[in-house]
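Notes for the one structure printed next.
The values are calculated or read from the model by the stated rules, or taken from the named source; none is laboratory data. All values derive from a computational prediction rather than experimental measurement. Here the Cβ is made from the backbone with ideal geometry for all residues, glycine too, and neighbour counts use every protein chain on show.
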Amino acid sequence: MIRVLIIDDSVFMRTVLTDILKKDPSIEIAGTAEDGLKGLKKIEELSPDVITLDIQMPNMDGIEMLERMQSLENPPKILLLSTLTSKDAELTKRALDLGADDFMLKPRNLGKIRGIQSELITKIKHLITIPSVQKKVKVESVPADKVVLIGSSAGGPPMLDMLVSSLKPELNAAVVITQHMPAGFTASLAERLNRISPLDVKETENGDILQKGKIFVSKGGFHTIISATLDNAGKVGGKITLSKAPPVHAVRPAVDKTFSSAAKVYGPKIVASILSGMGSDGGEGMAAIKEAGGKTLVVREEDCLVYGMARSALERNCVDRVLPLKSIPREIMRSVSEME
């Protein structure tokens, strides 16, 4: 049993989270608390395995509580629940710096709160199984002549946890992840993934050169465009440009923008995968990659929270393989090695 303590100043949120988590037989509600001060006492009394933590609370907020928890010898795993505001984006980044293990965005519409059930339960179970920190292997900064592209949206973050933590340091390619997420929160996503991946992970910046063994997370609020650049030896590599062009499929960053631009630069030296996601973003870009000779993968439907993006690619007949999520990292490693 995974014992969970819920810390949130909203009675509504405490009730909803309790109801959601009780639906899973492997999770037990250890208790609830309405602020950080009472939360600290409950942690001492109940020794939970995981806490869900609101940021903004009276008496003691989530940030101060995390600061106080620095002295705990065996702290519980911490899942931060963040609202979609620029202030909370900054606080989420600060919370991860202070030791929060993961974060999750609360829907804007309270009527959709119960729709987070699958993601919430998955994240809590991931916290128990995925190490908080993975040891980094020093990788020489070498421009990448191959690239792995990942596209995801709703239900994607827990899948990204598993995927990036399973990639091997010897991956001879750069990785670009485009996850639909509001501006301000992709920096926290990159920091979170960097903690659990053996590869270095960073949020994209203008002018970034794609390098072997490094993971780039598309910056929220911008399209990540990949263009050609030459290294000192005259070999073609990839450079990132952040674009404020209009949203595509009502999102920015759009997977289609990243996939399609990469197809023009890397051609057959691409392995692309679409994970869980709503809508049709990614289908057109994956078709461009297939036409350029790249390898294309999607996750099977039963592993996804939403299957819209993967289905969009399948409907274009541009998918080489449909795989269980657990097989995707191994297939990526194998496909990249075959390109050498």
Of the residues that make up segment 173-195, is at least one part of a strand (DSSP E or B), out of contact with any Gly (no Cβ under 9 Å at 6 or more places or on another chain), not hydrophobic (A, V, I, L, M, F, W, C) and not assigned by TED's automatic domain parsing to the domain that holds P107? no
Sole exception among (1) out of contact with any strand residue (DSSP E or B) (no Cβ under 6 Å at 6 or more places or on another chain); (2) part of a helix (DSSP H, G or I); (3) closer than 23 Å to D161 by Cα for M286, by number: (1)
Might you let me know whether segment 14-26 holds any residue that is in contact with a Lys or Arg (Cβ under 6 Å, 6 or more places away or on another chain) and touching a residue at least 40 places away in the same chain (Cβ under 8 Å)? no
If you scan segment 94-106, which residues turn out to be assigned to a loop (DSSP other than H, G, I, E, B) and modelled with pLDDT under 90? K106
If the Cβ limit is 6 Å and pairs must be 6+ apart or interchain, which residue in segment 180-201 that is on the phi > 0 side of the Ramachandran plot and touching a residue at least 40 places away in the same chain (Cβ under 8 Å) pairs with which residue that is surrounded by fewer than 21 Cβ atoms within 10 Å (Cβ to Cβ) and among the hydroxyl-bearing types (S, T, Y)? G184/S86
Being over 14 Å from L66 (Cα atoms) and surrounded by 15 or more Cβ atoms within 10 Å (Cβ to Cβ) narrows it down to one of L21, L37, so name that one. L21
In segment 150-169, residue nearest to V251 (Cα to Cα) [restricted to those that are in contact (Cβ under 8 Å) with a residue 60 or more places away in the chain and not in a helix (DSSP H, G or I)]: S153
Does segment 288-313 hold any residues that are of a type outside the set (V, I, T) and farther than 22 Å from V336 by Cα, and which are they? E301, E302, D303, C304, L305, Y307, G308, M309, R311, S312
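Matching residues to (1) touching a helix residue (DSSP H, G or I) at 6+ places or on another chain (Cβ under 7 Å); (2) surrounded by fewer than 16 Cβ atoms within 10 Å (Cβ to Cβ):
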{"position": "P76", "(1), (2)": "yes, no"}
{"position": "F103", "(1), (2)": "yes, no"}
{"position": "S118", "(1), (2)": "no, no"}
{"position": "T122", "(1), (2)": "yes, no"}
{"position": "K138", "(1), (2)": "no, yes"}
{"position": "V142", "(1), (2)": "no, yes"}
{"position": "L163", "(1), (2)": "yes, no"}
Might you let me know whether segment 253-260 holds any residue that is within 14 Å of G308 (Cβ to Cβ), hydrophobic (A, V, I, L, M, F, W, C) and assigned to a strand (DSSP E or B)? no
When segment 296-338 is checked residue by residue, the ones that are assigned to a loop (DSSP other than H, G, I, E, B) and in contact (Cβ under 8 Å) with a residue 12 or more places away in the chain are R300, C304, L305, V306, R316, C318, V319, D320, P324
Would you mention how many residues in segment 214-252 are assigned to a loop (DSSP other than H, G, I, E, B) and either under 16 Å from the mean Cα position of the chain (by Cα) or modelled with pLDDT of 95 or more (or both)? 12
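Each row is one residue, and each column tells you yes or no for (1) crowded, with 22+ Cβ neighbours inside 10 Å; (2) among the small types (G, A, S); (3) under 23 Å from G155 (Cβ atoms); (4) touching a residue at least 60 places away in the same chain (Cβ under 8 Å).
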{"position": "L5", "(1), (2), (3), (4)": "yes, no, no, yes"}
{"position": "A30", "(1), (2), (3), (4)": "no, yes, no, no"}
{"position": "E45", "(1), (2), (3), (4)": "no, no, no, no"}
{"position": "D54", "(1), (2), (3), (4)": "yes, no, yes, no"}
{"position": "E64", "(1), (2), (3), (4)": "no, no, no, no"}
Let me spell it out: the conditions are (1) at pLDDT 90 or above; (2) over 21 Å from the mean Cα position of the chain (by Cα), and N109 meets all of them except one. Which number is the exception? (1)
Please tell me if L230 is among the aliphatic types (A, V, I, L, M) and crowded, with 16+ Cβ neighbours inside 10 Å. no
